[in-house]
Structures are given as structure tokens and as C-alpha cells.
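**Q** After the C-alpha cells below, expect a handful of questions from me.
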Amino acid sequence: MRKWGIHTQKGAVLIITVVFGVSFTMILGGLVGFMTMQNRSATQEVFRNQALEVAEAGLNKARWVLAHDSDYYNITTTIDGVYDDPQGGPLGQYHVSITPPAACEATVQIQSTGWTIADPDVKRSVLTANGRPSLGQYSFLTNSNIWFGGGTWYGPIHSNGGVRMDANSNALVTSAKDQYKCGTEHGCANPWQWKNGVWGTGNGGTLGLWQYPVTPIDFDAITVDLTELQQIASASGIYLGNSNAYGWHVRFNSNGTVSIYKVTQKKPAQYGYNGQNWTHESNSIQTETLYQTKTLPASCGNGNLIFSEENLWVDGVASRSAMVIAADFPYTASNNASIIINGNLTYATSSGAKVALVAQQDVRIPLHSPNVLTLDPVLFAQKGRFIRYFYCPPGYYSNPGQNNAFCVPNGSWAIRSQLYLRGAIISNGIAATTWVNGSGQVVSGYVSGSTSYDASIIYNPPPFLPNLGESDQVSWEETNPS
């Protein structure tokens with residue numbers, strides 16, 4: 001009986017041992033599985049991070065290609081490559097797709113997908129927008145000296161000449177000059193005196209916004225190819241040839257159309273000073289006849305190009321984008337075309353419209369301009385200037401041979417109240433919309449006004465507006481994080 005009892009106790013110990021052994025095995029197996037899972041997860045995380053690095057390598061390759069061959073901005077293409085570990089062999093591979101900009105955009109879409117050779121199933125994909133900024137990156141760009149009066153000027157300003165900055169500013173004001181000869185036209189002593197590249201009473205100096213000298217901007221490099229655009233407009237845009245009159249008038253309508261008039265008579269000519277010479281001319285419409293009405297395409301393309309061989313008056317409310325050009329060939333000092341601002345030119349609310357006015361010579365505001373004038377578009381005077389002449393009252397023109405710009409009495413005959421500029425101004429020559437006497441009193445032009453800066457035209461400009469500068473990465477997003 002004792003043997004049987006002892007035998008029974010030994011069996012109980014065996015059962016307990018088996019139970020504990022199984023439990024330990026299960027716990028150990030769970031720990032091993034958990035550690036294996038953690039190791040696999042850590043390894044996959046390494047592969048995920050490496051896949052993103054490989055995708056970034058593909059982006060860098062695409063940027064290099066775009067920087068060295070601008071033709072890639074205009075085609076859809078793909079790039080495949082291998083990313084090498086500097087300390088070993090190939091680490092991963094990438095596939096890149098480059099999509100050119102839409103018609104009224106300046107950004108290229110780059111989609112790059114990367115994966116490792118060790119685990120090609122783990123992929124990371126990145127989408128970026130890369131673009132060369134348009135001329136709209138400046139609110140004011142000129143090849144000559146410039147004087148800004150009071151108030152506040154918004155957006156970057158650059159001059160290849162000197163800048164007298166009496167306006168406050170919220171962005172950089174740069175000049176290519178370390179010093180320049182400031183004459184009486186900038187309120188300096190007769191005949192001239194040395195001034196810093198940027199100087200004046202504006203707040204930009206104390207805010208560190210004035211920089212000079214900086215690298216000049218080559219105006220020959222940023223000119224629009226007017227001959228090429230003439231051919232495009234003739235083939236698929238709106239082309240206005242010889243009017244057999246005084247030129248054309250284009251009025252933008254808020255319904256997406258443009259009304260085109262033939263100018264049949266101008267108001268009487270007046271003497272005006274353009275900063276260099278006196279002229280006797282008229283820039284104001286007296287009579288006109290409707291020539292035709294055209295609808296601008298909603299999708300931006302060649303059909304949004306308007307080209308005139310003669311002087312062109314422009315105004316209205318634009319709801320669709322366009323580039324408007326006035327140019328005559330062959331170009332000479334006496335054979336050129338200008339754009340004249342016939343009245344307000346604004347954008348319809350929420351339309352997204354972008355308009356550029358490109359003149360072979362001047363962009364002019366005429367004598368008979370609105371008392372309050374609002375201009376939304378980009379204004380580009382390619383060989384001339386953005387200007388409202390100093391107009392001399394009838395009967396008071398004197399000393400034309402001496403270019404006496406300050407005839408008297410001044411009165412209010414040529415004075416207007418407010419000028420609002422909302423786009424960008426590019427002026428090769430000296431720009432002027434306000435003229436003052438020796439006491440600082442406005443004697444011709446606009447007494448006051450304001451500016452605003454439309455940053456959207458940097459990468460979403462009007463059609464055919466030139467680019468300036470190197471490609472920038474505008475946006476970055478991961479499209480399939482795994």
C-alpha cells in the first residue's frame with residue numbers, strides 16, 4: 001500500500017512538472033515571437049526610412065535634370081535610377097515621373113517612388129511642385145533710377161539703378177548700385193551728388209530691408225520674344241494687324257469675352273514731358289467703332305494671347321487670363337508700339353484671372369485718365385517705361401529745347417487723385433506717375449494711392465510671362481506612406 005501511495009505522489013510531481021514545462025514553453029515561445037515581430041518591425045522601419053531616402057534621391061536627380069536642360073519643363077518624362085550606398089553596393093531604386101506645367105502655371109510636378117533592394121515591397125512615394133519664379137516675384141522691377149514717394153509699397157523692389165525710397169516697405173528693396181549720381185530729378189543738389197544705392201526716409205533702412213549693391217538683373221535676358229508670340233497669336237490667338245486708323249482698343253468683359261474697337265479719332269494733342277523729351281501727342285480716345293467680340297478660352301493656352309501691331313488701349317474687367325501685346329516690326333525708335341491704359345483694368349471676383357500687358361515701348365497712362373485708377377495686371381514696358389507724362393496746361397508750354405519739365409502755373413489741370421496698383425510693374429526706363437515741383441508739391445499725375453502684392457503670380461502667372469531665376473521647390477507631400 002505504501003508503494004502504491006509513493007507511486008501516486010511521484011505521478012503528481014510529474015504532472016506538475018509537465019504543466020510548468022508547457023507553460024514555460026508557451027511563455028518562451030511568446031517572448032520569442034514578440035521579439036521576432038519587434039525585430040521584423042524594426043527592420044521594416046529601417047527599410048521604410050531607406051525607401052524615403054531613395055525617393056528623395058530620385059527627386060534630387062530630377063531637379064538636376066531640370067536645372068541642366070530647361071526643355072524638360074515642357075515634356076512628360078520618366079527617370080529610373082539606382083541609389084548606391086557610399087559604403088557598399090546598390091541600396092535601392094527609384095522611379096520618377098515629371099509632368100510639365102499647365103498652361104498658366106510655372107510649376108513642374110515631380111513624383112518620385114523609392115524602394116530598397118532588400119525589401120522592394122516597401123515603397124515610399126513623394127510628390128513635389130518645382131518651379132522657376134516668374135517676373136511677378138517683384139512688385140516693381142526697373143532698369144533705371146527710381147523715386148518712391150510716401151505711403152507704403154508692398155512686395156520686393158529691385159532697380160539696376162539707384163533708389164530713393166521715401167515710402168515704407170514690407171519687403172526687400174535692392175539696387176545694383178553701391179552709389180549713384182543723384183540729380184535734381186530725385187531732389188538732389190544741382191547738378192548731382194553721390195547717394196547710396198538705396199536711400200530715403202522710408203522705414204526699410206532701419207528694418208534691414210535695403211540691400212545694395214546686389215547682382216544686376218539682365219533686362220535683355222528677361223524680354224519676351226515678341227516675334228514668336230506674334231506668330232502664335234496669328235495662328236491660334238487674337239491677332240490685330242493694321243487698323244488703317246489710330247490703333248485698337250481691347251476691353252475685357254466679365255463674361256469672359258473681349259470687345260475689340262477700332263480707334264477712329266483721338267482727343268486733341270497736348271504737350272507732355274516723358275522724363276527725357278517734350279512730346280506733342282494724344283494718348284486719349286475720342287471716337288471708336290466696334291470691330292468684333294471674341295471669347296477667351298477658359299483653359300489657358302495659345303488662344304489667350306492678344307497681339308496688336310499698333311498702339312493698343314486696354315481696360316475692363318477680366319474673368320479669364322490673357323497676355324496682351326503691342327509691338328510693331330521692325331523695331332526702331334520711331335517705329336514702335338505702346339499700350340495705353342484707357343481706364344480701370346481689374347479682375348472679376350473669384351475668377352482667378354491673370355493678365356499681363358506687354359508693350360514693345362511704353363505702358364502709358366493718358367492725360368484723360370480716371371481720377372481714381374485701379375490696375376490689377378502685370379505691366380511690362382519692354383524697351384520704354386511705365387509712365388504718365390508731365391502734362392503742361394495749354395498756353396503754358398515753354399522752353400521746349402531745354403526740356404523744362406516744370407512749366408507754370410501748375411494748377412490742377414493734369415492732377416489726379418488716387419492710383420491703386422495690385423499687380424507687378426516691370427519698366428526698362430524711368431517710371432513716373434507723379435511729378436512734383438521744388439517744394440515737393442504734386443503738379444501733375446496722381447497725388448496718392450496704394451499698392452498690394454499678388455504673390456500668386458510668382459508660380460501662377462499670366463500666360464507666356466517670362467521666368468527669372470533658378471528652380472525652387474514650392475511644395476512637398478508624401479502620397480503613399482506605408
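The values are calculated or read from the model by the stated rules, or taken from the named source; none is laboratory data. What you see is a predicted model, and the numbers here were worked out from it, not measured in a lab. Backbone-built Cβ (ideal geometry, glycine too); neighbour counts: all protein chains shown.
**Q** Please tell me if Leu141 is aliphatic (A, V, I, L, M), outside the structural domain of Lys61 (by TED's automatic domain parsing) and in a strand (DSSP E or B).
**A** Working: aliphatic (A, V, I, L, M): yes; outside the structural domain of Lys61 (by TED's automatic domain parsing): yes; in a strand (DSSP E or B): yes.
Yes, satisfied.
**Q** Ok, one more. Could you please give the count of residues in segment 198-230 that are closer than 22 Å to Tyr331 by Cα and either more than 26 Å from the chain's Cα centre (by Cα) or assigned to a helix (DSSP H, G or I) (or both)?
**A** Residues flagged as closer than 22 Å to Tyr331 by Cα and either more than 26 Å from the chain's Cα centre (by Cα) or assigned to a helix (DSSP H, G or I) (or both) within segment 198-230 amount to 5.
**Q** Given Ile325, Ile341, Ile306, which one is assigned by TED's automatic domain parsing to the domain that holds Pro366, in contact with a Phe, Trp or Tyr (Cβ under 6 Å, 6 or more places away or on another chain), assigned to a strand (DSSP E or B) and closer than 22 Å to Leu229 by Cα? Spell out the reasoning first.
**A** Values: Ile341 fails: in contact with a Phe, Trp or Tyr (Cβ under 6 Å, 6 or more places away or on another chain); Ile306 fails: in contact with a Phe, Trp or Tyr (Cβ under 6 Å, 6 or more places away or on another chain).
Every option except Ile325 fails the conditions.
**Q** Here is a follow-up. Scan segment 275-332 for residues that are of a type in the set (A, V, I, L, M) and more than 30 Å from the chain's Cα centre (by Cα) and jot them down.
**A** Ile285, Leu290
**Q** Here is a follow-up. Restricting segment 231-250 to residues that are among the aliphatic types (A, V, I, L, M) and not in a loop (DSSP other than H, G, I, E, B), which is surrounded by the most Cβ atoms within 10 Å (Cβ to Cβ)?
**A** Val250
**Q** Looking only at residues in segment 72-103 that are among the charged types (D, E, K, R) and part of a strand (DSSP E or B), which one is surrounded by the fewest Cβ atoms within 10 Å (Cβ to Cβ)?
**A** Asp80
**Q** Kindly indicate which of Pro191, Pro213, Pro268 is closer than 14 Å to Ser159 by Cβ and surrounded by fewer than 17 Cβ atoms within 10 Å (Cβ to Cβ).
**A** On the way: Pro191 fails: closer than 14 Å to Ser159 by Cβ; Pro268 fails: closer than 14 Å to Ser159 by Cβ.
Exactly one residue qualifies, and that residue is Pro213.
**Q** Looking only at segment 284-302, which residues are surrounded by 21 or more Cβ atoms within 10 Å (Cβ to Cβ) and at pLDDT below 95?
**A** Within segment 284-302, Cys300 is the sole residue that qualifies.
**Q** Examine segment 436-446 for a residue that is buried (at least 18 other Cβ atoms within 10 Å of the Cβ) and in contact with a helix residue (DSSP H, G or I) (Cβ under 8 Å, 6 or more places away or on another chain), and state whether such a residue exists.
**A** No, segment 436-446 contains no residue that is buried (at least 18 other Cβ atoms within 10 Å of the Cβ) and in contact with a helix residue (DSSP H, G or I) (Cβ under 8 Å, 6 or more places away or on another chain).
**Q** Would it be correct to say that Leu52 is in contact with an Asp or Glu (Cβ under 7 Å, 6 or more places away or on another chain) and of a type outside the set (S, T, N, Q)?
**A** No, not satisfied.
**Q** Can you name every residue in segment 360-380 that is in contact with a Gly (Cβ under 7 Å, 6 or more places away or on another chain) and under 22 Å from Tyr453 (Cβ atoms)?
**A** Leu375, Asp376, Pro377, Val378, Leu379 - these are the residues of segment 360-380 that are in contact with a Gly (Cβ under 7 Å, 6 or more places away or on another chain) and under 22 Å from Tyr453 (Cβ atoms).
**Q** Could you count how many residues in segment 166-191 are over 23 Å from the mean Cα position of the chain (by Cα), on the phi < 0 side of the Ramachandran plot and not in a helix (DSSP H, G or I)?
**A** Total satisfying the criteria: 12.
**Q** Here is a further query. With of a type in the set (Asp, Glu) and at pLDDT 95 or above as the only criterion, which of Asp178, Asp218, Asp225 stands out? Please lay out each step first, then the result.
**A** Values: Asp218 fails: at pLDDT 95 or above; Asp225 fails: at pLDDT 95 or above.
Asp178 is the lone residue from the list that is of a type in the set (Asp, Glu) and at pLDDT 95 or above.
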